[in-house]
Amino acid sequence: MFADRARIYVRSGKGGDGHVSFRREKFVPAGGPDGGDGGRGGDVIFAVDEGLNTLTDFRHVRKYRAGDGQEGDKRNCRGKDGEDIVLHVPEGTVIREYNTGKVIADMSGENRRIILLKGGRGGNGNQHYATSTMQAPKYAQPGQPARELELLLELKVIADVGLVGFPNVGKSTLLARVSNARPKIANYHFTTLNPSLGVVDLTDSKGFVMADIPGLIEGASEGIGLGHEFLRHIERTKVLIHVVDAAGSEGRDPLEDIRAINQELKNYQVDLSQKPQIIAANKIDVIPEGEDSAVERIRAEFEPLGVPVFPISAVSGQGVKELLYRVAAMLDEMDDQPVVFAQEYFPETALAFSDEPYTVHYDEAENEYVVEGPRIEKMLGYTNLESEKGFAFFQNFLKSTGILEELEALGIQEGDTVRMYGLSFDYYK
Ligand SMILES: Nc1nc2c(ncn2[C@@H]2O[C@H](COP(=O)(O)OP(=O)(O)OP(=O)(O)O)[C@@H](O)[C@H]2O)c(=O)[nH]1
Ligand SMILES: [Mg+2]
């Protein structure tokens, strides 16, 4: 198993309250307001630390709080800012919102340091509220509240190459032959239950990391047979070695096997069939002499599609070296950019007015979907949809709060109308 996980709680600092006070000086009978502003609450920050390679620390300490901003003081003194808290994580840590599982940040590639949760702004002191008619304001602004989130941290070792194929085709046998890994091998389906990794060393060529995943079956892309769990592990690999039993030992047709697995790869949440692929036509040592060779039929169908085919025997080692050098060459040609997951959850918008309710329903009479409630009203009141920034905020709000998912659950189709307080728009994915 190469997924290291931890569940933690983080909280940003509350903004300090603004202060109410009045100048008191000798010979000045009624001084003006001099209440200072509250300090800013501390941010929750994540930073990549090259020296780390596990999430172990986060399984021991689970709660992380940034400091609160201090209240303002008399004589226009600004309250002290709360201290930021910096959580150091290994590269490749994916930070998700715990309840929805949505990605907030992927600490890979360029993402070395991010502010995950901003501290609250400090409130204005009463000095800001003096006007010609109100010279002694007794009001100061409260600081913005702290924000909290439950997070799931997940570390994935990034394998360059993933082995995919039906159960029992020889994926683990291949990994064991070419790497330091010692996965279990046996002549029955689902021998491999957890993904495992091995390092492939090559002379005169750069080595790579290979991931063996459990066998896929039809319906894997819908989660059947733990398909989601397994496919998730190959999301970030750069090349797939598609292993097939070219001897058809179990009475199936190798070509149909390849098509079926490709269909599952295509149907998964992200289209994995777009990844560069190489076919390992395995078990050639047991193809009966003189038989119409499946290898040639595989070549005829897949090589014109740009997928190289290598006949191998993972047991005898025949053809394996050629396969590995071709994989190394494919990796060499690719840029070194790791695949970085896109943000799906936006704490700033998801947590906006989060204690206010809202509802989503279908209005049959109008044939419209209706989203309403104080939370929506406040959000719209606060957002300028004409501006680019405001519109992005609005979109992230719909995504992060789960409103889009609720609409989909109600059966919304492309082009249907959604109504929110006098605002109507067409739904498009
Ligand atoms: N004759 C022959 N048998 C092979 C070859 N490769 C694998 N096998 C046999 O096929 C069976 C399954 O091998 P595994 O490596 O466990 O297959 P797998 O694809 O990892 O299977 P799952 O983990 O169940 O998905 C074992 O009995 C292997 O010895 C090969 O090249 N030739
Ligand atoms: Mg296996």
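The values are calculated or read from the model by the stated rules, or taken from the named source; none is laboratory data. Please read all numbers here as calculations on a predicted model, not as lab measurements. No Cβ is skipped: glycine too gets one built from the backbone with ideal geometry, and neighbour counts run over all protein chains shown.
Worth a mention:
- Some residue of the range 15-26 being without any contact (Cβ under 8 Å) to a residue 60 or more places away in the chain and surrounded by 13 or more Cβ atoms within 10 Å (Cβ to Cβ): yes
- The selection criterion, being in the same structural domain as Val10 (by TED's automatic domain parsing), in contact with a Lys or Arg (Cβ under 6 Å, 6 or more places away or on another chain), more than 13 Å from ligand 2 (Cβ to nearest atom) and assigned to a loop (DSSP other than H, G, I, E, B), holds for Gln144.
- So Phe310, is it part of a strand (DSSP E or B), buried (at least 17 other Cβ atoms within 10 Å of the Cβ) and either at pLDDT 95 or above or at positive phi (or both): yes
- Qualifying residues in the range 131-176 (those that are polar (S, T, N, Q) and modelled with pLDDT under 90) - the one nearest to ligand 1 (Cβ to nearest atom): Thr131
- Just one residue in the set Glu386, Glu377, Glu366 is in a loop (DSSP other than H, G, I, E, B), in contact (Cβ under 8 Å) with a residue 24 or more places away in the chain and within 26 Å of Val418 (Cα to Cα); that residue is Glu366.
- Given (1) over 21 Å from Val320 (Cα atoms); (2) more than 13 Å from ligand 2 (Cβ to nearest atom), number of the condition Gly207 does not satisfy: (1)
- Of everything listed in (1) modelled with pLDDT under 85; (2) more than 10 Å from ligand 2 (Cβ to nearest atom); (3) out of contact with any Ser or Thr (no Cβ under 9 Å at 6 or more places or on another chain), the single unmet condition for Leu197 is (3).
- Sole exception among (1) of a type outside the set (Lys, Arg); (2) assigned to a helix (DSSP H, G or I); (3) modelled with pLDDT of 90 or more for Ala281, by number: (2)
- The range 211-225, residues that are more than 9 Å from ligand 1 (Cβ to nearest atom) and assigned to a loop (DSSP other than H, G, I, E, B): Ile217, Glu218, Gly219, Gly223
- Of all residues in the range 51-71, those satisfying the criterion of being surrounded by fewer than 18 Cβ atoms within 10 Å (Cβ to Cβ) and either part of a loop (DSSP other than H, G, I, E, B) or not assigned by TED's automatic domain parsing to the domain that holds Gly120 (or both) are Gly51, Leu52, Asn53, Thr54, Val61, Arg62.
- Any hit, the range 42-50, residues being without any contact (Cβ under 8 Å) to a residue 60 or more places away in the chain, assigned to a loop (DSSP other than H, G, I, E, B), surrounded by fewer than 20 Cβ atoms within 10 Å (Cβ to Cβ) and within 23 Å of the chain's Cα centre (by Cα): yes
- Exclusive hit being surrounded by 20 or more Cβ atoms within 10 Å (Cβ to Cβ), out of contact with any His (no Cβ under 9 Å at 6 or more places or on another chain) and not assigned by TED's automatic domain parsing to the domain that holds Asn396, set Gly125, Gly109, Gly39: Gly39
- Of all the residues in the range 230-256, those that are more than 19 Å from Gly198 (Cα to Cα), of a type in the set (D, E, K, R) and either at pLDDT 90 or above or assigned to a helix (DSSP H, G or I) (or both) number 3.
- Residue count, the range 181-210 (criterion: without any contact (Cβ under 8 Å) to a residue 60 or more places away in the chain, within 16 Å of ligand 1 (Cβ to nearest atom) and not in a strand (DSSP E or B)): 13
- Scanning the range 313-355 for residues that are under 23 Å from Asp201 (Cβ atoms), part of a loop (DSSP other than H, G, I, E, B) and touching a residue at least 24 places away in the same chain (Cβ under 8 Å) returns Ser313, Ala314, Val315, Ser316, Gly317, Gln318, Gly319, Met334, Pro338.
- Strands (runs of 3 or more DSSP E) completely within the range 72-119 that count 1 or more residues being under 13 Å from Phe346 (Cα atoms): 93-97, 103-107, 113-117
- Looking only at the range 258-301, residues that are within 16 Å of ligand 2 (Cβ to nearest atom) and free of Cβ contacts under 8 Å to residues at least 24 places away in the same chain come to 0 in all.
- Members of the range 157-177 found to be outside any loop (DSSP other than H, G, I, E, B), more than 9 Å from ligand 2 (Cβ to nearest atom) and buried (at least 21 other Cβ atoms within 10 Å of the Cβ), listed by number: Val161, Gly162, Val164, Leu174
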